[in-house]
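K.L.:
I have a structure I would like to understand better, so I am pasting it below and will then ask my questions one at a time.
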Amino acid sequence: MLTAREWLLLPKDEQVKRGKELNSHECFLLRTELAYVHFSESEKANMSEDKKQRFLHPKKYTEAEREKFLQKQNAIFETMIKEVEQQRNEKNEA
């Protein structure tokens with residue numbers, strides 16, 4: 001079975017030929033998680049084996065790493081909300 005990540009590294013003509021090898025989950029990944037991955041044909045052809053392997057097998061994050069990332073995300077969103085509220089207050093005072 002072909003994975004979505006493997007399919008993305010195939011040349012365009014090969015992608016067309018082998019598209020039916022993707023199961024529904026891999027198609028879902030292409031529409032969601034991997035929707036913004038677009039390698040040019042030259043990037044695919046010139047990609048180092050190390051870079052291919054890192055793309056095919058991305059790092060798995062621990063629960064602690066995911067939690068730390070979410071906390072950072074939340075802090076960023078809180079800062080953005082405060083900035084928007086401050087801008088609104090400044091407009092209302094003017």
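The values are calculated or read from the model by the stated rules, or taken from the named source; none is laboratory data. What you are looking at is a predicted structure, and each value in this text was computed from that prediction instead of being measured. Note that each Cβ is placed from the backbone with ideal geometry, even for glycine, and that neighbours are counted across all protein chains shown. For accessibility, only protein heavy atoms count, side chains too; no ligands or nucleic acids. Shrake-Rupley method; radii C 1.70, N 1.55, O 1.52, S 1.80 Å.
K.L.:
Name the single residue that is nearest to ALA45 (Cα to Cα) among those in segment 2-22 being outside any helix (DSSP H, G or I) and open to solvent by 40 Å² or more (accessible area, probe 1.4 Å). Give the derivation first.
P.N.:
Keep residues of segment 2-22 that are outside any helix (DSSP H, G or I), which gives 2-3, 10-11, 22.
Applying the additional criterion that residues be open to solvent by 40 Å² or more (accessible area, probe 1.4 Å) yields 3, 11.
Numbers: THR3: 19, PRO11: 8 Å.
Here the answer is PRO11.
K.L.:
Something else about it: Quick check: anything in segment 32-47 under 30 Å from ASP13 (Cβ atoms), assigned to a helix (DSSP H, G or I), out of contact with any Lys or Arg (no Cβ under 7 Å at 6 or more places or on another chain) and open to solvent by 100 Å² or more (accessible area, probe 1.4 Å)?
P.N.:
The initial filter retains those residues of segment 32-47 that are under 30 Å from ASP13 (Cβ atoms), namely 32-47.
The next check asks that each one be assigned to a helix (DSSP H, G or I); those that pass are 41-46.
Going one step further and asking which of them are out of contact with any Lys or Arg (no Cβ under 7 Å at 6 or more places or on another chain), we end up with 42-46.
Right, trim to open to solvent by 100 Å² or more (accessible area, probe 1.4 Å) and you get 46.
Yes, segment 32-47 contains a residue that is under 30 Å from ASP13 (Cβ atoms), assigned to a helix (DSSP H, G or I), out of contact with any Lys or Arg (no Cβ under 7 Å at 6 or more places or on another chain) and open to solvent by 100 Å² or more (accessible area, probe 1.4 Å).
K.L.:
Could you check segment 66-85 and list, in sequence order, the residues that are closer than 25 Å to LEU34 by Cβ and open to solvent by less than 70 Å² (accessible area, probe 1.4 Å)?
P.N.:
Result: GLN73, single match.
K.L.:
Can you tell me how many residues in segment 54-65 are surrounded by fewer than 10 Cβ atoms within 10 Å (Cβ to Cβ), part of a helix (DSSP H, G or I) and not charged (D, E, K, R)?
P.N.:
1
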